[in-house]
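This report concerns only the one structure given below.
The values are calculated or read from the model by the stated rules, or taken from the named source; none is laboratory data. What you see is a predicted model, and the numbers here were worked out from it, not measured in a lab. No Cβ is skipped: glycine too gets one built from the backbone with ideal geometry, and neighbour counts run over all protein chains shown. Each accessible area value is taken on the protein alone, full model and side chains, heavy atoms only, with ligands, DNA and RNA left out. Shrake-Rupley method; radii C 1.70, N 1.55, O 1.52, S 1.80 Å.
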Amino acid sequence: MAAMTREETEALIQEVLEIYPEKAKKDRAKHLAVNDHELEKSNKCITSNRKSLPGVMTIRGCAYAGSKGVVWGPIKDMIHISHGPVGCGQYSRAGRRNYYIGTTGVNAFVTMNFTSDFQEKDIVFGGDKKLAKCIDEIDQLFPLNKGISIQSECPIGLIGDDIEAVSKAKSKDIGKTVVPVRCEGFRGVSQSLGHHIANDAIRDWVLDKRDGDDSFPTTPYDVAVIGDYNIGGDAWASRTLLEEMGLRVVAQWSGDGTIAEIEKTPKVKLNLIHCYRSMNYIARHMEEKYSIPWIEYNFFGPTKIAESLRKIAAHFDDTIKEGAERVIERYKAEYEAVIAKYKPRLQGKRVMLYIGGLRPRHVIGAYEDLGMEVVGTGYEFGHNDDYDRTIKEIGNATLLYDDVTGYEFEEFVKKVQPDLIGSGIKEKYIFQKMGIPFRQMHSWDYSGPYHGYDGFAIFARDMDMTLNNPCWKQVKAPWKAEAASEPVKAVA
Ligand code: SF4
């Protein structure tokens, strides 16, 4: 199918909106747009970061998910208590595949679930005493933990427990950092506010711990990797490149990261931000308080990797600039071989994305390196500064959808007929049952890494494996089935 024109995309949006009652139609119309390269600011065409409408099947998560699941959870040597009833922590346990080095249960705790397991009496009489007891038990059972964070679930904010007081008292008792995080699920409109709250808690309870302490030996090449959660080993594949070009990675936020790394971050010379959405707040804070500049980079696919390595190197002297060129040259044969192998199998294939964080725009270059085209993209919990950054990354007249509803996404897919969809687990089986190749692009569908040159080889293989899998020949997409036989009409 040829690329859609602006008029066709506009008509598609109108057609999909048609089914809604007037009020819902008006609201949802603001979240669906046709990309326009002429625009400097996305707020001229799309609205984002607004409350989802009840009943529309949003795919968003909650603030607790943004804090515990994204920002804090991967810090491996801390224990993160899911404070409240058992379900929030248990059903989200280890889902994001944040890889780490360490011995689980001894000095690393990422895949374990710690919960205060609230019962009715805790709701009625308050849970502060239970939380204090919980911290004591944890410190006794896992003495090598380097700190504890308290990730509030909804009931904690509702009953008004004073987790800050408990944290201060317990921090004194056990002699470790204890951080209260007010990330109750009901706050904000999505997981996005949870990221912000988590950043603020790091700022207020951790980041200044080594202010005035110059005992950590620094170098002119110290950087921190911020907003890489090491999903399937992403941060490792990225760190390798930065180190090979001559930089010293002092901290990883937060995939395979430690609390000591976070405390040392204010000593670095440059903060490198991969997931802007979830970590820009702390980067801005460090810029203000410690005068540390920050830049965004993109390590998906060789084109964007080379651009980013050069952009990072521009902040340093010739040693690093030469280092960047050396790295690009060193991996050239490798990534060219990947492209030579997979591009002929993927060329011209059309992709629709619906993801979170940085990916709706960051992975576009990697698909393009393989000759593929992104024909629709959108953010689960993006803000307009994310869409601003997206406008120039995709083709003019490309379909944009913000906090897309289950119904809208299905209808768009039926009409656009992409060859591949990249989205989350909640969408996966719907589209697979429709006969459309699908990659789960939050946790890389149990694969990865996808960052860096090493990751690109895996990314290309996975897209080919999914798209060209012979199983799709056994499943007919509904529009193809309809062409073969008349659809059965519903009986009134
Ligand atoms: S919305 Fe509240 S109850 Fe639901 S998962 Fe989030 S924190 Fe838990």
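Here are the numbers:
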{"read-out": "The listed residue being within 15 Å of the ligand (Cβ to nearest atom) and either modelled with pLDDT under 95 or among the hydrophobic types (A, V, I, L, M, F, W, C) (or both), out of Ala63, Ala94", "value": "Ala63"}
{"read-out": "Residue that is nearest to Leu399 (Cα to Cα), among those in the range 1-41 that are among the acidic types (Asp, Glu), assigned to a helix (DSSP H, G or I) and open to solvent by 70 Å² or more (accessible area, probe 1.4 Å)", "value": "Glu10"}
{"read-out": "In the range 66-77, the residues that are among the charged types (D, E, K, R) and away from the ligand (no atom under 13 Å from the Cβ)", "value": "Lys76, Asp77"}
{"read-out": "Leading residue by the ranking (farthest from Tyr446 (Cα to Cα)) among those in the range 105-121 that are open to solvent by less than 80 Å² (accessible area, probe 1.4 Å) and polar (S, T, N, Q)", "value": "Ser116"}
{"read-out": "Whichever residue in the range 277-333 is of a type in the set (Phe, Trp, Tyr) and more than 17 Å from Ala224 (Cα to Cα) and, among such residues, is most open to solvent (accessible area, probe 1.4 Å)", "value": "Tyr331"}
{"read-out": "In the range 173-194, residue surrounded by the fewest Cβ atoms within 10 Å (Cβ to Cβ) [restricted to those that are away from the ligand (no atom under 14 Å from the Cβ) and not in a loop (DSSP other than H, G, I, E, B)]", "value": "Asp173"}
{"read-out": "Residue check for Leu141: open to solvent by 30 Å² or more (accessible area, probe 1.4 Å) and either more than 15 Å from the ligand (Cβ to nearest atom) or farther than 22 Å from Gln90 by Cβ (or both)", "value": "yes"}
{"read-out": "Residue count, the range 341-355 (criterion: open to solvent by 10 Å² or more (accessible area, probe 1.4 Å) and in contact with a Lys or Arg (Cβ under 8 Å, 6 or more places away or on another chain))", "value": "1"}
{"read-out": "Some residue of the range 229-238 being open to solvent by less than 10 Å² (accessible area, probe 1.4 Å), free of Cβ contacts under 8 Å to residues at least 60 places away in the same chain, outside any helix (DSSP H, G or I) and among the hydrophobic types (A, V, I, L, M, F, W, C)", "value": "no"}
{"read-out": "Criterion: more than 13 Å from the ligand (Cβ to nearest atom) and farther than 30 Å from Ala260 by Cβ - qualifying residue of Thr47, Thr111", "value": "Thr47"}
{"read-out": "Residue under evaluation Lys304, criteria (1) farther than 30 Å from Ser192 by Cβ; (2) assigned to a helix (DSSP H, G or I); (3) in contact (Cβ under 8 Å) with a residue 12 or more places away in the chain, criterion not met", "value": "(1)"}
{"read-out": "Subset of the range 78-87 [near the ligand (Cβ under 8 Å from one of its atoms) and either within 19 Å of the chain's Cα centre (by Cα) or part of a loop (DSSP other than H, G, I, E, B) (or both)]", "value": "Gly84, Pro85"}
{"read-out": "Helices (runs of 4 or more DSSP H) lying entirely in the range 308-407 (those with 2 or more residues that are within 27 Å of Glu15 (Cβ to Cβ) and under 21 Å from the mean Cα position of the chain (by Cα))", "value": "359-362, 364-369, 384-391"}
{"read-out": "Test: residue in the range 155-167 that is farther than 19 Å from Ala108 by Cα, within 16 Å of the ligand (Cβ to nearest atom), of a type outside the set (Lys, Arg) and touching a strand residue (DSSP E or B) at 6+ places or on another chain (Cβ under 7 Å)", "value": "yes"}
{"read-out": "Residue ID - farthest from Ala397 (Cα to Cα), chosen from residues in the range 42-68 that are outside any helix (DSSP H, G or I), among the hydrophobic types (A, V, I, L, M, F, W, C) and open to solvent by 20 Å² or more (accessible area, probe 1.4 Å)", "value": "Cys62"}
{"read-out": "Total residues in the range 418-436, condition open to solvent by less than 70 Å² (accessible area, probe 1.4 Å) and part of a helix (DSSP H, G or I)", "value": "4"}
{"read-out": "Residue pairs meeting the criteria (Cβ under 6 Å; at least 6 apart or on separate chains; first closer than 13 Å to Gln151 by Cα, in the range 162-186; second open to solvent by 20 Å² or more (accessible area, probe 1.4 Å) and part of a loop (DSSP other than H, G, I, E, B))", "value": "Gly185/Cys62"}
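Residue-by-condition table, conditions (1) touching a residue at least 12 places away in the same chain (Cβ under 8 Å); (2) buried (at least 19 other Cβ atoms within 10 Å of the Cβ); (3) under 23 Å from the mean Cα position of the chain (by Cα):
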{"site": "Val71", "(1), (2), (3)": "yes, yes, yes"}
{"site": "Lys76", "(1), (2), (3)": "yes, yes, yes"}
{"site": "Ser92", "(1), (2), (3)": "yes, no, yes"}
{"site": "Thr103", "(1), (2), (3)": "no, no, no"}
{"site": "Ile123", "(1), (2), (3)": "yes, no, no"}
{"site": "Cys134", "(1), (2), (3)": "yes, yes, no"}
{"site": "Lys146", "(1), (2), (3)": "yes, no, no"}
{"site": "Glu153", "(1), (2), (3)": "yes, yes, yes"}
